[in-house]
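Reading through the C-alpha coordinates given below for one structure.
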Amino acid sequence: MEFLSYETLGLLFCVALIAGWIDSIAGGGGLIALPALLGAGLSPAQALATNKLQGSFGTFAATMNFYKKGHLNLKEIWPMIVMTFIGAALGTLAVQAIDASLLIDVIPFLLVGMGFYFLLQPQIGTQDRKARIGVWAYGLFFGFSIGFYDGFFGPGTGSFFAVAFITMMGFNILKATAHTKILNFTSNIASLLFFILGGQMVWVVGLVMAMGQLVGGYLGSHMSMKHGGKIIRPLLVVISFAMTIKLIWSSPDHIIHQWVVTLFNL
(Lines give C-alpha, C1' and ligand atoms only; values in the text may rest on other atoms or scores of the structure.)
Protein backbone atom coordinates (compact mmCIF):
# COMPACT_ATOMS: atom_id res chain seq x y z
CA MET A 1 0.00 0.00 0.00
CA GLU A 2 1.34 3.38 -1.02
CA PHE A 3 0.85 5.07 2.33
CA LEU A 4 3.00 2.54 4.19
CA SER A 5 6.72 3.26 4.26
CA TYR A 6 9.44 0.68 4.79
CA GLU A 7 9.93 2.13 8.27
CA THR A 8 6.24 1.54 9.08
CA LEU A 9 6.42 -2.03 7.77
CA GLY A 10 9.54 -2.61 9.86
CA LEU A 11 7.76 -1.30 12.95
CA LEU A 12 4.77 -3.56 12.25
CA PHE A 13 7.15 -6.52 11.95
CA CYS A 14 8.52 -5.75 15.43
CA VAL A 15 5.01 -5.27 16.81
CA ALA A 16 4.00 -8.66 15.40
CA LEU A 17 7.07 -10.33 16.91
CA ILE A 18 6.18 -9.02 20.38
CA ALA A 19 2.50 -9.85 19.90
CA GLY A 20 3.35 -13.38 18.76
CA TRP A 21 5.62 -13.88 21.77
CA ILE A 22 2.93 -12.76 24.21
CA ASP A 23 0.15 -14.62 22.40
CA SER A 24 2.03 -17.93 22.41
CA ILE A 25 2.43 -17.75 26.19
CA ALA A 26 -0.77 -16.22 27.53
CA GLY A 27 -2.87 -14.99 24.61
CA GLY A 28 -3.87 -11.37 24.07
CA GLY A 29 -1.43 -10.56 21.28
CA GLY A 30 -4.25 -8.82 19.43
CA LEU A 31 -4.13 -6.11 22.11
CA ILE A 32 -0.87 -5.01 20.53
CA ALA A 33 -1.30 -5.95 16.88
CA LEU A 34 -4.78 -4.59 16.20
CA PRO A 35 -4.17 -1.03 17.48
CA ALA A 36 -0.91 -0.99 15.50
CA LEU A 37 -2.77 -1.92 12.31
CA LEU A 38 -5.38 0.78 12.90
CA GLY A 39 -2.62 3.27 13.69
CA ALA A 40 -0.92 2.41 10.38
CA GLY A 41 -4.01 3.61 8.54
CA LEU A 42 -5.96 0.44 7.83
CA SER A 43 -9.75 0.57 8.07
CA PRO A 44 -11.36 -1.43 10.91
CA ALA A 45 -12.43 -4.18 8.49
CA GLN A 46 -8.95 -4.34 6.93
CA ALA A 47 -7.32 -4.36 10.36
CA LEU A 48 -9.50 -7.24 11.60
CA ALA A 49 -8.86 -9.32 8.49
CA THR A 50 -5.11 -8.61 8.41
CA ASN A 51 -4.85 -9.30 12.13
CA LYS A 52 -6.27 -12.78 11.58
CA LEU A 53 -3.72 -13.42 8.82
CA GLN A 54 -0.67 -12.41 10.83
CA GLY A 55 -2.00 -14.00 14.03
CA SER A 56 -2.50 -17.34 12.27
CA PHE A 57 1.23 -17.57 11.59
CA GLY A 58 2.09 -16.96 15.25
CA THR A 59 -0.30 -19.61 16.53
CA PHE A 60 0.96 -21.99 13.83
CA ALA A 61 4.59 -21.53 14.91
CA ALA A 62 3.70 -22.07 18.57
CA THR A 63 1.53 -25.10 17.77
CA MET A 64 4.25 -26.78 15.71
CA ASN A 65 6.82 -26.18 18.43
CA PHE A 66 4.58 -27.68 21.10
CA TYR A 67 3.75 -30.61 18.78
CA LYS A 68 7.38 -31.39 17.99
CA LYS A 69 8.24 -31.39 21.70
CA GLY A 70 5.49 -33.93 22.43
CA HIS A 71 2.97 -31.68 24.20
CA LEU A 72 0.19 -32.35 21.66
CA ASN A 73 -1.44 -35.54 20.40
CA LEU A 74 -3.64 -34.53 17.47
CA LYS A 75 -5.28 -37.97 17.25
CA GLU A 76 -6.71 -37.52 20.74
CA ILE A 77 -8.06 -34.00 20.32
CA TRP A 78 -9.39 -33.94 16.75
CA PRO A 79 -13.04 -33.54 17.95
CA MET A 80 -12.00 -30.33 19.72
CA ILE A 81 -10.34 -29.08 16.54
CA VAL A 82 -13.37 -29.86 14.35
CA MET A 83 -15.88 -28.21 16.69
CA THR A 84 -13.66 -25.15 17.18
CA PHE A 85 -13.40 -24.72 13.40
CA ILE A 86 -17.18 -24.93 12.98
CA GLY A 87 -17.79 -22.51 15.82
CA ALA A 88 -15.29 -19.96 14.53
CA ALA A 89 -16.69 -20.15 11.00
CA LEU A 90 -20.22 -19.51 12.25
CA GLY A 91 -18.99 -16.72 14.52
CA THR A 92 -17.28 -14.98 11.60
CA LEU A 93 -20.52 -15.15 9.61
CA ALA A 94 -22.57 -13.92 12.57
CA VAL A 95 -20.42 -10.85 13.20
CA GLN A 96 -21.42 -9.55 9.79
CA ALA A 97 -25.07 -9.50 10.87
CA ILE A 98 -24.91 -8.74 14.61
CA ASP A 99 -23.32 -5.85 16.48
CA ALA A 100 -20.28 -7.31 18.28
CA SER A 101 -20.20 -4.34 20.65
CA LEU A 102 -22.98 -6.06 22.60
CA LEU A 103 -20.29 -8.27 24.14
CA ILE A 104 -18.20 -5.38 25.41
CA ASP A 105 -20.45 -4.97 28.48
CA VAL A 106 -19.93 -8.61 29.50
CA ILE A 107 -16.42 -9.69 28.45
CA PRO A 108 -14.44 -7.35 30.77
CA PHE A 109 -16.08 -8.92 33.82
CA LEU A 110 -15.16 -12.42 32.60
CA LEU A 111 -11.57 -11.38 31.90
CA VAL A 112 -11.01 -9.73 35.25
CA GLY A 113 -12.57 -12.77 36.90
CA MET A 114 -10.03 -15.01 35.17
CA GLY A 115 -7.23 -12.70 36.21
CA PHE A 116 -8.19 -13.01 39.88
CA TYR A 117 -8.73 -16.75 39.44
CA PHE A 118 -5.09 -17.30 38.47
CA LEU A 119 -3.87 -14.71 40.97
CA LEU A 120 -5.70 -16.20 43.97
CA GLN A 121 -5.27 -19.87 43.04
CA PRO A 122 -1.46 -20.29 42.91
CA GLN A 123 -1.66 -24.09 42.89
CA ILE A 124 -4.17 -24.41 40.06
CA GLY A 125 -2.60 -25.93 36.97
CA THR A 126 0.63 -26.97 38.66
CA GLN A 127 -0.06 -30.61 37.81
CA ASP A 128 -2.55 -32.73 35.88
CA ARG A 129 -5.83 -33.55 37.58
CA LYS A 130 -8.71 -35.87 36.76
CA ALA A 131 -10.76 -34.66 33.79
CA ARG A 132 -14.36 -33.70 34.50
CA ILE A 133 -15.51 -34.17 30.91
CA GLY A 134 -14.37 -36.05 27.81
CA VAL A 135 -12.84 -34.81 24.57
CA TRP A 136 -16.14 -34.72 22.68
CA ALA A 137 -17.92 -32.85 25.48
CA TYR A 138 -15.11 -30.29 25.59
CA GLY A 139 -15.31 -29.87 21.83
CA LEU A 140 -19.07 -29.46 21.78
CA PHE A 141 -19.38 -27.09 24.73
CA PHE A 142 -16.08 -25.19 24.86
CA GLY A 143 -14.41 -25.69 21.49
CA PHE A 144 -17.56 -24.65 19.63
CA SER A 145 -18.58 -21.77 21.92
CA ILE A 146 -15.12 -20.24 22.38
CA GLY A 147 -14.39 -20.76 18.68
CA PHE A 148 -17.64 -18.94 17.88
CA TYR A 149 -16.62 -16.15 20.22
CA ASP A 150 -13.22 -15.85 18.54
CA GLY A 151 -14.80 -15.56 15.10
CA PHE A 152 -17.38 -13.11 16.41
CA PHE A 153 -15.33 -10.87 18.72
CA GLY A 154 -12.00 -12.31 19.85
CA PRO A 155 -10.33 -10.64 22.88
CA GLY A 156 -9.42 -13.15 25.56
CA THR A 157 -9.91 -16.29 23.44
CA GLY A 158 -6.61 -17.83 24.55
CA SER A 159 -7.36 -17.17 28.21
CA PHE A 160 -10.84 -18.70 27.91
CA PHE A 161 -9.43 -21.84 26.29
CA ALA A 162 -6.70 -22.13 28.93
CA VAL A 163 -9.11 -21.82 31.86
CA ALA A 164 -11.45 -24.38 30.29
CA PHE A 165 -8.60 -26.85 29.77
CA ILE A 166 -7.37 -26.46 33.35
CA THR A 167 -10.76 -26.59 35.08
CA MET A 168 -12.63 -29.07 32.86
CA MET A 169 -9.91 -31.30 31.37
CA GLY A 170 -7.60 -31.18 34.40
CA PHE A 171 -4.55 -30.12 32.36
CA ASN A 172 -1.50 -28.55 33.96
CA ILE A 173 -0.84 -25.00 32.84
CA LEU A 174 1.81 -25.88 30.23
CA LYS A 175 -0.35 -28.61 28.69
CA ALA A 176 -3.32 -26.23 28.69
CA THR A 177 -1.24 -23.58 26.92
CA ALA A 178 -0.10 -26.07 24.25
CA HIS A 179 -3.66 -27.22 23.55
CA THR A 180 -4.91 -23.64 23.59
CA LYS A 181 -2.55 -22.82 20.72
CA ILE A 182 -3.85 -25.56 18.42
CA LEU A 183 -7.46 -24.51 19.00
CA ASN A 184 -6.59 -20.83 18.66
CA PHE A 185 -4.83 -21.62 15.38
CA THR A 186 -7.92 -23.51 14.23
CA SER A 187 -10.27 -20.64 15.00
CA ASN A 188 -7.89 -18.18 13.33
CA ILE A 189 -7.82 -20.23 10.13
CA ALA A 190 -11.61 -20.58 10.04
CA SER A 191 -12.08 -16.82 10.45
CA LEU A 192 -9.26 -16.08 8.02
CA LEU A 193 -10.94 -18.01 5.20
CA PHE A 194 -14.09 -15.92 5.45
CA PHE A 195 -12.16 -12.66 5.75
CA ILE A 196 -10.27 -13.52 2.57
CA LEU A 197 -13.56 -14.14 0.78
CA GLY A 198 -14.71 -10.74 2.02
CA GLY A 199 -11.84 -9.03 0.16
CA GLN A 200 -10.61 -6.95 3.11
CA MET A 201 -7.14 -8.44 3.41
CA VAL A 202 -4.07 -6.15 3.13
CA TRP A 203 -1.64 -8.85 2.02
CA VAL A 204 1.62 -6.89 2.14
CA VAL A 205 1.07 -5.83 5.75
CA GLY A 206 -0.28 -9.21 6.78
CA LEU A 207 2.66 -11.16 5.35
CA VAL A 208 5.28 -8.81 6.78
CA MET A 209 3.72 -9.13 10.21
CA ALA A 210 3.35 -12.88 9.70
CA MET A 211 7.14 -13.19 9.60
CA GLY A 212 7.36 -11.40 12.93
CA GLN A 213 4.63 -13.64 14.34
CA LEU A 214 6.54 -16.77 13.27
CA VAL A 215 9.58 -15.64 15.24
CA GLY A 216 7.58 -14.45 18.26
CA GLY A 217 5.38 -17.56 18.34
CA TYR A 218 8.38 -19.88 18.27
CA LEU A 219 10.28 -17.95 20.95
CA GLY A 220 7.25 -17.65 23.21
CA SER A 221 6.31 -21.33 23.00
CA HIS A 222 9.94 -22.31 23.67
CA MET A 223 9.99 -20.05 26.73
CA SER A 224 6.69 -21.56 27.94
CA MET A 225 8.14 -25.06 27.77
CA LYS A 226 11.32 -23.96 29.51
CA HIS A 227 9.78 -22.00 32.38
CA GLY A 228 6.22 -23.41 32.56
CA GLY A 229 3.89 -21.84 35.09
CA LYS A 230 6.56 -19.43 36.34
CA ILE A 231 6.06 -17.31 33.22
CA ILE A 232 2.63 -18.43 31.96
CA ARG A 233 0.65 -17.69 35.14
CA PRO A 234 1.90 -14.09 35.69
CA LEU A 235 1.37 -13.26 32.01
CA LEU A 236 -2.15 -14.70 32.08
CA VAL A 237 -2.97 -12.45 35.03
CA VAL A 238 -1.41 -9.36 33.44
CA ILE A 239 -2.99 -9.99 30.02
CA SER A 240 -6.45 -10.59 31.53
CA PHE A 241 -6.33 -7.29 33.42
CA ALA A 242 -4.80 -5.44 30.44
CA MET A 243 -7.53 -6.66 28.09
CA THR A 244 -10.16 -5.64 30.63
CA ILE A 245 -8.79 -2.10 30.86
CA LYS A 246 -8.38 -1.84 27.08
CA LEU A 247 -11.94 -2.95 26.35
CA ILE A 248 -13.48 -0.68 28.97
CA TRP A 249 -11.43 2.40 28.14
CA SER A 250 -12.01 2.09 24.40
CA SER A 251 -15.79 1.89 25.01
CA PRO A 252 -17.10 5.25 26.34
CA ASP A 253 -20.60 3.77 26.73
CA HIS A 254 -19.44 0.98 29.07
CA ILE A 255 -20.87 1.44 32.55
CA ILE A 256 -17.46 1.12 34.27
CA HIS A 257 -15.94 3.68 31.89
CA GLN A 258 -18.70 6.10 32.83
CA TRP A 259 -18.17 5.45 36.54
CA VAL A 260 -14.45 6.23 36.25
CA VAL A 261 -15.05 9.42 34.26
CA THR A 262 -17.67 10.55 36.77
CA LEU A 263 -15.31 9.83 39.69
CA PHE A 264 -12.49 11.90 38.19
CA ASN A 265 -14.87 14.77 37.41
CA LEU A 266 -16.05 15.05 41.02
Inset, instruction - Filter the stretch 168-188 down to residues that are assigned to a helix (DSSP H, G or I) and free of Cβ contacts under 8 Å to residues at least 40 places away in the same chain, then give me how many there are. - result: 1
Inset, instruction - Kindly list, by first and then second residue, each pair from a residue in the stretch 31-44 that is free of Cβ contacts under 8 Å to residues at least 12 places away in the same chain to a residue that is buried (at least 18 other Cβ atoms within 10 Å of the Cβ) and assigned to a helix (DSSP H, G or I), limited to pairs with Cβ atoms under 6 Å and residues at least 6 apart or on different chains. - result: Leu38/Ala47
Inset, instruction - Can you give me the number of residues within the stretch 35-61 that are among the small types (Gly, Ala, Ser) and out of contact with any Phe, Trp or Tyr (no Cβ under 7 Å at 6 or more places or on another chain)? - result: 8
Inset, instruction - Taking Ala89 as the residue in question, decide whether it is at pLDDT 85 or above, in contact with a Gly (Cβ under 7 Å, 6 or more places away or on another chain), of a type in the set (A, V, I, L, M, F, W, C) and part of a loop (DSSP other than H, G, I, E, B). - result: no
Legend entry - Single residue of the stretch 92-119 satisfying the filter (among the β-branched types (Val, Ile, Thr) and in a helix (DSSP H, G or I)) that is modelled with the lowest pLDDT: Ile104
Inset, instruction - Sort out which residues of the stretch 25-50 are at pLDDT 85 or above and in contact with a Gly (Cβ under 6 Å, 6 or more places away or on another chain), and write them in order of number. - result: Thr50
Inset, instruction - Identify, from the list Thr157, Thr126, the residue that is crowded, with 22+ Cβ neighbours inside 10 Å, at pLDDT below 90 and hydroxyl-bearing (Ser, Thr, Tyr). - result: Thr157
Legend entry - Hey, Gly198 modelled with pLDDT of 75 or more, surrounded by fewer than 17 Cβ atoms within 10 Å (Cβ to Cβ) and on the phi < 0 side of the Ramachandran plot or not: yes
Legend entry - Meets criteria (surrounded by 23 or more Cβ atoms within 10 Å (Cβ to Cβ) and in contact with a Ser or Thr (Cβ under 9 Å, 6 or more places away or on another chain)) for Leu183: yes
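The values are calculated or read from the model by the stated rules, or taken from the named source; none is laboratory data. These numbers were taken from a predicted model, which means no experiment stands behind them. Here the Cβ is made from the backbone with ideal geometry for all residues, glycine too, and neighbour counts use every protein chain on show.
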